[in-house]
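Here the structure comes first, spelled out in C-alpha cells, and everything after it is commentary.
The values are calculated or read from the model by the stated rules, or taken from the named source; none is laboratory data. Because the structure is predicted, anything quoted here is derived from the model rather than measured. Every residue, glycine among them, receives a Cβ derived from its backbone with ideal geometry; neighbour counts consider all protein chains shown. The accessibility values were calculated without ligands, DNA or RNA, using every heavy atom of the protein model including side chains. Shrake-Rupley method; radii C 1.70, N 1.55, O 1.52, S 1.80 Å.
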Amino acid sequence: MNNKIYIFVFLFFTCLIDPLLAQTPKLDKISPSFGGTVLRFYPITVSNLGAGATCYVQGLTTVSIAPTIMSSTQIILDVQGPATTSSKQYSIYCKNAGGVATNTLTFGVVNFVDNIQQNDDMYLLNDWYGLPNKDQVSIGNYPNAAYLTKVDYVNATHIKYKVSREMLAGQTPSLYDVTTSAFWSIMNLGYGPVIQSANFLALNSFNILGYTFPGLSQVSFLLDGTTIISPSISVSPESLDCRTDGLLFLQPRFMYTVKIYNSFQDRIFSTDMIFQFNYNLNGYTNSADEGTCTLISFGLALNPIAWGISPTGIPVAQDNTFKYPLDAKCGYLFTTSNSIRASNHLLVCPTPNITSIVTKPDGSNKLLVFKGNFLAQQSFDSDIPTPLTYSITYGDGTTATCSNLNTLWITEDSSYTVSCNIPQVYTFRLEAKTITNDYHSVLVGYTPTITSCSSLDYLVPGKVSIKGTQFASFNLLVQIGGKTCTNPTVNTGGTQIICDFTADIADPDNFYKALSVTVSVGSLYNTSSDLFYYNKRNPTVNSATPTTYDTAGVVTISGYAFLQNDVVVTIGGLACTNIVVNAHGNQITSSFASTVPPGDYKTPLDVYVGFESKYSDNKPVFYYNRPSPVLLSSSSTTYDTPGQVTILGKYFSPSSTIDITIGGAPCTGAIRTGDTKIVCDFDSRVSVINYSDLLDVNVTIDSVYTSKPLFKYIRPNPFISSSSSLSYNSAGIVSIIGKYYTPATDLVVTIGGKTCTSPSATESKITCLFSADVPVADFNDPLTISVSIDSQFTSSKDVFYYNRPTPTITSVSTLVYNQAGIVTIKGTYFAIDDLIVTIGDGECALPNVVSTSEITCTFQADIPTNDYFIDPLLVVVSVNSTSGSNSVFYYTRPDPVITSSSSLFFNQAGSITIKGSYLAYKGNDYIVQVGGSACILPNPNHQPTKDQIVCNYKSNVQISDYSTPLEVSVSIDSKHIVKSHVFYYIKPNPSISSASSTVYNISSNVTITGTQFVHDDLVVTIGQVECTSPSVSQDGNTIVCYFSSNATLVTSGDYQTPLEVFVSIKSTYTAKNSVFYYTIPSIPQPEPNNNNEPVSTQPTKSLSSGKIAAIIVCLVVGVGAATTAAVILIQKKRNRVDLMLSMKKY
C-alpha cells in the first residue's frame, strides 16, 4: 500500500453568502394611480419591504413617513397634500430597514368639480394635468367594471367620454384606472338628452330619436331669430314627437333645443342641435310654354316628391324638374323622400297662361272674357293674399285695371274662364302676374287706320307725322316705301305716330308718285296707304365718271332730284350732247368731246346740271383720265458703259414724278423738256442675248405709264482679264477669263501668235486647245492672247504663263552623322530662281546650281533618325515655290557607344536598360551580352532606339565582389561592336519583419519575411541554430528554410520571449530581428482514475444570484506513486454562480 500525504488550503470569504440570499424591496402599484390629496385612501402594493421601512413622498411638504403595514404585501401612507410641484404629481418610494431603496411610483393629484354635456360628449372639468397615464383612464358605474367607456384627455382642465345607454343605467359614475384596475370617486353627474337623429315625418310632425327623454320634456325651434316652442309633444324613452307649423321652415338649416328635467339632480338639462335638410331649396325657374318647373337646390334626395301646390304629390325628376298639374296653385312647396320630409319649403307659383280671348270689348260692350291655365285667385293650403293680379296697358302707355273680376274653374278641361270690365275700347296688353313675379301677357288689339302723312325733301332725313286711329306702341313697325321709319312714338289716344325717316327711297316716277306708308301693331294688326310724297327741290350733283383727255367719251353724272324737262349739262363750260335722265332721277348720261384743257389733271372741272331753267346745281366733280405717255424713239449706249439716253414722244407733261426703266433697270435723274423729250442716266448693265435685241423702255409719269421696245446697245470689244496655264510641251485646254465674248459667230483665238483651236465661248470665258510648244526665254515671261469676234471686235493681252516644271531628285551623296560637309544632289529641272534645299528638317546651305540636273550645298548632318543608317531623310528642292522631294539621304553608320546600364540583384532575373548612342537597329543580327551571358530582347515591338536597349537578363553570373562591374557588349551586323564594363549587381540591404513558428523540439520549415534577400552565400540562424536549405523567392522578400526547433528558450519555460533570426549574404550583408516564437506545446488529456474513469471538468453547483467577492482555491499535493493538482474556480455568470473543477494527475 502506498503512503500518501495530503495538504488542504481553504480560503473562505463571508461576503459570498449574504448577497446571494438578499431580496430587493419593490413598490408594485398604488391603487388607483390618481386621486385626491389624501394618500391614506389609496393602498400601495409592495414586496420584500419588511418591517422598519421608511417611505418618502416628493411633492408634499412632508418628506418622510413610516408606512402603516396593512399586510406583508400592502401598506398605506397617512399624509395629504396639497401638492407642491407644478406637475401636480407625488413621487413615492421607500427604503427597507437595511437602507435598500425601492423603485418610485407616480401618483396624480386630481379633483372633479363640474361637468358639461354636449349631446353625447360629456366633459369633466378639473385640473387633470397630474394624470400619470392619460391614455389609461375609463369611466363606469362603481363597482361594476363590466361596462367601461374610454376617457379621452383633452387638455389640463378637460377630459371627456361618450355617454352610452350603459352609463345611464347606473347612478354611480366613477373614473377607472386601467393600469391598476381600480375605481376612484363616485361623481354626482346629471345627464341631459342625447340626440341621435331628427326628421320631419310629415309637414307638421318633427321626430327626434335618442335617449334620456323623461316624461317632462320640451322642444323649441330657433327660426329667423325667433324661438318657437312646440305646442304639443309626445314622449317615449328613446323618441320625441312634436307638432309645429311646417310652413315656418323657409331656411334649410335651423337650430332646435330639447330640454328635460333630471329628477335625480332636480335640475333642467338642455341640448342644442342643428338640423339640416338634405334637400336645400334656393329658388326655381318656370318654363311657361312647357308648364315645367326647375328647382334650384343643393343636396341629394332619393326619388323626391313635391307637395304644397297641388292636392297630390308631384314626382321630381333627377334633373330637379317636374311638370305642373293643371290644378296647381301658388303655395309653399316642399319635398319628401320615402315619406320623410327632405327639404325646406319654398313659395312657388306656376306661370299663368292666357290661352284665348273669348269676348273682345267693342263700342257698345266693354266686357272682356278670356280662358287660360293656372289663373286661380287663391293659393293652395295657405293664406297667401292675392297670389295673382291682372293689369291693362294701352297702346299709348297708359294703364288701367280690370274691374268686376270673376274667375271660374272649368272641371271639364281643367281650365279657368275669367271675365272683367275695361275702361275704353283701344288696343291694350292684358298681363297676369303672380306674387312670385311669374307672368304672362296677351295683346288685345284693333286694326289701325291711316288718314294722312307729312312730306320730306328727298335725301334730307327728318321726322314724319302719320295720322289715323288705333295706333299702339306694342311692337310697332312703321315703313315708308318699304324702309323702316325709326323711333316711332304714339300720342295719347293712339291717333298720331311721329317717326324718323331717311328720305332716301327713290321715287320711281321722279317725285310725282306717293310712297306706301305701312303701320303694324304686334305683327297682328296691319294697315297700308300710299300717302307719302317728296317735296320738289334743286337737283344735287354728287359725281361724274371720267374720260381720257383728247378722247371723246360718255360721262355718267350721279346725284338726285334730276328732272326730265329742259335738261342742260356742261363740263368745263363745254356742252354735253345726247343727254338721258333715268326714271329714278338719280343718274344722267351724256357725250363729252374731252377737249377742254386738262390743267394739271388733279383739279376737277365744273359739272353743271339744269332743269326747266329753274332748278340747277354746279359742282367740280369731273376728272380726266391721264393719257399714257406715247414713246417714239430712244438713243443708245455701249453695253457695260454708263451713259445718257434720250427718249422722244408726247404726253410727258405735266409731271410731278417721272420713273423710267430700260430692260427693267432704272434710268435715273430724268429731266423732261417740254411735252416730248426726256433725258436720263443708264448704267448699261442689263444683259442681252444678242446686242441687236431691243430692250423695253418703260416711262411712268404720275403713276401713268407706257412701255415699248426701243433701246438698243452698242456692242463693246471683248475684254481679256486672265488665263489658265499649261506645262510647257504639254498640250491642253486653256480657259481665258474676261467678258463680252458672246454672241460670237466667227471666234478666233491665238496664244503667242499660234492658233488655240476649237474655241468655245460664254459671256465671260473662252476655252480652246493649245499645243503649249511656243518657246519662252524664261518661264516668268507671259505669252500674248488675242481674241477676234466676227472679224470686227478684237482684243489682246499678255496673260498666258507656262506652269513651272516640278524638280525631281534621283540621288544624294552621304555624310557621317554630326560631321558637316558638301552634299551633291542629282535630278532634273533645277534652277537658281528662289532656290531652297532642305534635308530632313535642316537647311542645306549655300545651294549652287551646277546644272539643271545637279546641285551642291552644305549640310550639318545633325538631323537624327530612329536608325541613322537605315532610315533615309527627306530631301526637298524648291524652285520659285515649286517643290520636288524624295527620301534618298542616308548617313554613314558609326560604331555604337555604351555609357551605362541599370542594375539587378544577383540571381533575380529581370529587365535592364542599356544606354548609349547609335544603338538603333531594325535587322536580325543584333547581340547583347552581360558578363558573357545573353541579354535577350523581349520581342520585335521593343527594338532598340538610337540611345537605349531594353533586354531580359537572368542575373546569374557569379562574381566575388558586388563592387566589380560586368562587361556589357553589343554587336550589330557582326561588324559594329562595342564593349564596356557598366553593369553592377545591386548591393543588398536585407531586413527581417516576421517569421513563422514551429513547435518546440519539432523540426519544421520556417518562412522568414523581409526585403532584399539574395541567394548568394546565404546563411540563416534562429536562436543561433542554423536554419538549413534556405531558398529565396523571386521577389527577394521571402526565405524558406528547415529548422530543428531545438534552440534554447531565452528563459526556461518562457514561450513569450522571441528568438533572434539572423540572415547573412556573402558574409557581408546581414540583418537580424527577434521575431521567432515557438508554439506552446499541447497539455495532455487527464488520465483515468483507479476506476478507469476520466476525471471530468464541469460545473458542479449553481448558487442563487448575488455578488461574487473572491475565488476559493484548493491545492492538494500527494506523495507516493502520483501527484494530483486540483483548482476550484467560482465565477458569476448572469444570474447564477458556477463552481468549476479542473484536475490533472502527474
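Out of ILE927, ILE914, which single residue is assigned to a strand (DSSP E or B), open to solvent by less than 30 Å² (accessible area, probe 1.4 Å) and either more than 24 Å from ASN866 (Cβ to Cβ) or in contact (Cβ under 8 Å) with a residue 12 or more places away in the chain (or both)? Even if it seems obvious, please write down each step before you answer.
On the way: ILE927 fails: open to solvent by less than 30 Å² (accessible area, probe 1.4 Å).
Within the list ILE927, ILE914, the selection yields ILE914.
How many residues are touching a Ser or Thr at 6+ places or on another chain (Cβ under 8 Å) and either polar (S, T, N, Q) or farther than 29 Å from TYR390 by Cβ (or both) if we restrict to region 337-356?
Adding up the residues that qualify gives 5.
Sort through ILE972, ILE1022, ILE936 and tell me the only one that's farther than 20 Å from SER902 by Cα, at pLDDT below 90 and of a type in the set (A, V, I, L, M).
Working: ILE1022 fails: at pLDDT below 90; ILE936 fails: farther than 20 Å from SER902 by Cα.
That would be ILE972, the only listed residue that is farther than 20 Å from SER902 by Cα, at pLDDT below 90 and of a type in the set (A, V, I, L, M).
So which of ILE384, ILE392 is crowded, with 16+ Cβ neighbours inside 10 Å and outside any loop (DSSP other than H, G, I, E, B)?
Being crowded, with 16+ Cβ neighbours inside 10 Å and outside any loop (DSSP other than H, G, I, E, B) holds for just one of ILE384, ILE392, which is ILE392.
Is it the case, given these coordinates, that VAL596 is surrounded by fewer than 19 Cβ atoms within 10 Å (Cβ to Cβ), within 22 Å of GLY553 (Cα to Cα), aliphatic (A, V, I, L, M) and without any contact (Cβ under 8 Å) to a residue 12 or more places away in the chain?
Details: surrounded by fewer than 19 Cβ atoms within 10 Å (Cβ to Cβ): yes; within 22 Å of GLY553 (Cα to Cα): yes; aliphatic (A, V, I, L, M): yes; without any contact (Cβ under 8 Å) to a residue 12 or more places away in the chain: no.
For VAL596, the condition - surrounded by fewer than 19 Cβ atoms within 10 Å (Cβ to Cβ), within 22 Å of GLY553 (Cα to Cα), aliphatic (A, V, I, L, M) and without any contact (Cβ under 8 Å) to a residue 12 or more places away in the chain - is not met.
Among the numbered conditions (1) open to solvent by less than 40 Å² (accessible area, probe 1.4 Å); (2) under 30 Å from ASN491 (Cα atoms); (3) not hydrophobic (A, V, I, L, M, F, W, C); (4) not in a strand (DSSP E or B), tell me where PRO423 comes up short.
Every condition holds for PRO423 apart from (1).
ILE992 - would you say it is in contact (Cβ under 8 Å) with a residue 24 or more places away in the chain, open to solvent by less than 30 Å² (accessible area, probe 1.4 Å) and in contact with a Lys or Arg (Cβ under 8 Å, 6 or more places away or on another chain)? Show your work before the answer.
On the way: in contact (Cβ under 8 Å) with a residue 24 or more places away in the chain: yes; open to solvent by less than 30 Å² (accessible area, probe 1.4 Å): yes; in contact with a Lys or Arg (Cβ under 8 Å, 6 or more places away or on another chain): yes.
When the stated conditions are applied, ILE992 passes them.
Check GLY140, GLY225 and return the single one that is within 56 Å of the chain's Cα centre (by Cα) and either surrounded by fewer than 14 Cβ atoms within 10 Å (Cβ to Cβ) or at pLDDT 85 or above (or both). Steps first, answer last, please.
On the way: GLY140 fails: within 56 Å of the chain's Cα centre (by Cα).
Going through GLY140, GLY225 in turn, just one is within 56 Å of the chain's Cα centre (by Cα) and either surrounded by fewer than 14 Cβ atoms within 10 Å (Cβ to Cβ) or at pLDDT 85 or above (or both): GLY225.
Take the conditions in contact with an Asp or Glu (Cβ under 6 Å, 6 or more places away or on another chain) and within 26 Å of CYS857 (Cβ to Cβ) and apply them to ASN818. Does it pass?
Working: in contact with an Asp or Glu (Cβ under 6 Å, 6 or more places away or on another chain): yes; within 26 Å of CYS857 (Cβ to Cβ): yes.
Yes, satisfied.
Can you say whether ASP381 is farther than 25 Å from ASN282 by Cβ and in contact (Cβ under 8 Å) with a residue 40 or more places away in the chain, as far as the supplied structure shows? Spell out how you get there, then give the answer.
Working: farther than 25 Å from ASN282 by Cβ: no; in contact (Cβ under 8 Å) with a residue 40 or more places away in the chain: yes.
Answer is no for this residue.
Tally the residues that are outside any loop (DSSP other than H, G, I, E, B) and small (Gly, Ala, Ser), restricting the search to region 337-371. Steps first, answer last, please.
So in region 337-371, the residues outside any loop (DSSP other than H, G, I, E, B) come out as 337, 340-341, 343, 346-348, 353-359, 367-371.
Right, trim to small (Gly, Ala, Ser) and you get 337, 343, 356.
Count: 3.
If I filter region 190-204 down to residues being within 20 Å of SER270 (Cβ to Cβ) and out of contact with any helix residue (DSSP H, G or I) (no Cβ under 9 Å at 6 or more places or on another chain), which single residue comes out as surrounded by the most Cβ atoms within 10 Å (Cβ to Cβ)?
The first filter runs over region 190-204 and keeps only residues within 20 Å of SER270 (Cβ to Cβ), leaving 190-198.
If we keep only those that are out of contact with any helix residue (DSSP H, G or I) (no Cβ under 9 Å at 6 or more places or on another chain) too, we end up with 190, 192-193, 195-198.
Details: GLY190: 15, GLY192: 22, PRO193: 26, ILE195: 21, GLN196: 11, SER197: 10, ALA198: 18.
Taking the candidates together, the pick is PRO193.
Looking only at region 82-115, count every residue that is open to solvent by less than 30 Å² (accessible area, probe 1.4 Å) and under 16 Å from ILE30 (Cα atoms) and tell me the total.
Here the count works out to 9.
Quick check on my filter: what residues within region 675-697 are open to solvent by 40 Å² or more (accessible area, probe 1.4 Å) and either in contact with a Lys or Arg (Cβ under 8 Å, 6 or more places away or on another chain) or at positive phi (or both)? Give the steps one after another, and end with the answer.
Initial filter on region 675-697 (open to solvent by 40 Å² or more (accessible area, probe 1.4 Å)): 675-677, 681, 683, 685, 687, 689-690, 692-694, 696.
If the condition is that a residue be open to solvent by 40 Å² or more (accessible area, probe 1.4 Å) and either in contact with a Lys or Arg (Cβ under 8 Å, 6 or more places away or on another chain) or at positive phi (or both), then ASP675, THR676, SER692, ASP693, LEU694, ASP696 are the ones that fit.
Give the residues of region 293-323 that are open to solvent by 30 Å² or more (accessible area, probe 1.4 Å) and assigned to a strand (DSSP E or B), sorted by residue number.
Within region 293-323, THR294, ILE296, PHE298, ILE305, TRP307, PRO315, THR321, LYS323 meet the criteria.
Each row is one residue, and each column tells you yes or no for (1) touching a residue at least 60 places away in the same chain (Cβ under 8 Å); (2) in a strand (DSSP E or B).
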site: LYS160; (1), (2): no, yes
site: GLN171; (1), (2): yes, no
site: PHE183; (1), (2): yes, yes
site: GLY190; (1), (2): yes, no
site: ASN207; (1), (2): no, yes
site: GLY210; (1), (2): no, yes
site: GLN218; (1), (2): no, yes
site: LEU222; (1), (2): no, yes
site: THR227; (1), (2): no, yes
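Please go through region 162-179 and give me each residue that is surrounded by 14 or more Cβ atoms within 10 Å (Cβ to Cβ) and hydrophobic (A, V, I, L, M, F, W, C), ordered by number.
VAL163, MET167, LEU168, LEU175, VAL178, listed by residue number.
Which one of the conditions (1) farther than 30 Å from ASN1046 by Cβ; (2) open to solvent by 60 Å² or more (accessible area, probe 1.4 Å) does TYR1000 fail to meet, given that it meets all the rest?
Evaluating TYR1000 over (1) farther than 30 Å from ASN1046 by Cβ; (2) open to solvent by 60 Å² or more (accessible area, probe 1.4 Å) leaves (1) as the failure.
May I ask you to list the residues in region 815-850 that are part of a loop (DSSP other than H, G, I, E, B), modelled with pLDDT of 90 or more and surrounded by fewer than 17 Cβ atoms within 10 Å (Cβ to Cβ)?
The one that is part of a loop (DSSP other than H, G, I, E, B), modelled with pLDDT of 90 or more and surrounded by fewer than 17 Cβ atoms within 10 Å (Cβ to Cβ): ALA820.
So that you can scan it fast, the table gives a plain yes or no per residue for (1) of a type in the set (D, E, K, R); (2) touching a residue at least 60 places away in the same chain (Cβ under 8 Å); (3) more than 14 Å from SER788 (Cα to Cα); (4) outside any strand (DSSP E or B):
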{"residue": "ILE720", "(1), (2), (3), (4)": "no, yes, no, no"}
{"residue": "VAL734", "(1), (2), (3), (4)": "no, yes, yes, no"}
{"residue": "PRO743", "(1), (2), (3), (4)": "no, no, no, yes"}
{"residue": "SER760", "(1), (2), (3), (4)": "no, no, no, no"}
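Under 8 Å between Cβ atoms, which residue pairs at least 6 apart in sequence (or on different chains) link something in region 528-541 that is within 30 Å of ASP606 (Cβ to Cβ) with a partner that is open to solvent by 70 Å² or more (accessible area, probe 1.4 Å) and part of a loop (DSSP other than H, G, I, E, B)?
none
Scan region 107-120 and report the pairs whose first residue is within 25 Å of ILE274 (Cβ to Cβ) and whose second residue is not in a strand (DSSP E or B), with Cβ atoms within less than 6 Å and a gap of 6+ or a chain change.
ASN115/LEU189; GLN117/GLY192; ASP120/VAL163
Take the residues in region 889-909 that are outside any loop (DSSP other than H, G, I, E, B) and modelled with pLDDT of 90 or more; name whichever of them is farthest from GLN943 (Cα to Cα).
Kept after step one, since they are outside any loop (DSSP other than H, G, I, E, B), are these residues of region 889-909: 889, 891-892, 897-901, 904.
Now narrow it down to the ones that are modelled with pLDDT of 90 or more: 889, 897-901, 904.
Details: PHE889: 23, VAL897: 17, ILE898: 16, THR899: 18, SER900: 18, SER901: 17, LEU904: 21 Å.
Only one residue fits best here, namely PHE889.
For residues in region 950-979 being open to solvent by 30 Å² or more (accessible area, probe 1.4 Å) and either small (Gly, Ala, Ser) or assigned to a strand (DSSP E or B) (or both), which is nearest to GLN1034 (Cα to Cα)?
Within region 950-979, the match that is nearest to GLN1034 (Cα to Cα) is ASN952.
In region 504-518, how many are modelled with pLDDT of 90 or more and crowded, with 17+ Cβ neighbours inside 10 Å? Give the steps one after another, and end with the answer.
Restricting attention to region 504-518, the residues satisfying the condition of being modelled with pLDDT of 90 or more are 515-518.
Checking the rest, the ones that are also crowded, with 17+ Cβ neighbours inside 10 Å come to 515, 517-518.
The qualifying residues number 3.
Considering only region 161-172, I want to know if a residue exists there that is over 23 Å from PHE213 (Cα atoms) and either at pLDDT 85 or above or of a type outside the set (Ser, Thr, Tyr) (or both). Steps first, please.
Looking only at region 161-172, we keep the residues that are over 23 Å from PHE213 (Cα atoms), and these are none.
So far as region 161-172 goes, no, none of its residues is over 23 Å from PHE213 (Cα atoms) and either at pLDDT 85 or above or of a type outside the set (Ser, Thr, Tyr) (or both).
Looking only at residues that are β-branched (Val, Ile, Thr) and open to solvent by less than 40 Å² (accessible area, probe 1.4 Å) in region 743-765, which one is farthest from GLN792 (Cα to Cα)?
Taking region 743-765 as the starting set, the residues that turn out to be β-branched (Val, Ile, Thr) are 745, 748-751, 755, 757, 762.
The next check asks that each one be open to solvent by less than 40 Å² (accessible area, probe 1.4 Å); those that pass are 749-751.
On the way: VAL749: 14, THR750: 16, ILE751: 19 Å.
Among those residues, the one meeting the criterion is ILE751.
For residues that are surrounded by fewer than 16 Cβ atoms within 10 Å (Cβ to Cβ) and aliphatic (A, V, I, L, M), scanning just region 358-379, find the one that is farthest from LYS323 (Cα to Cα).
Out of the qualifying residues, it is LEU367.
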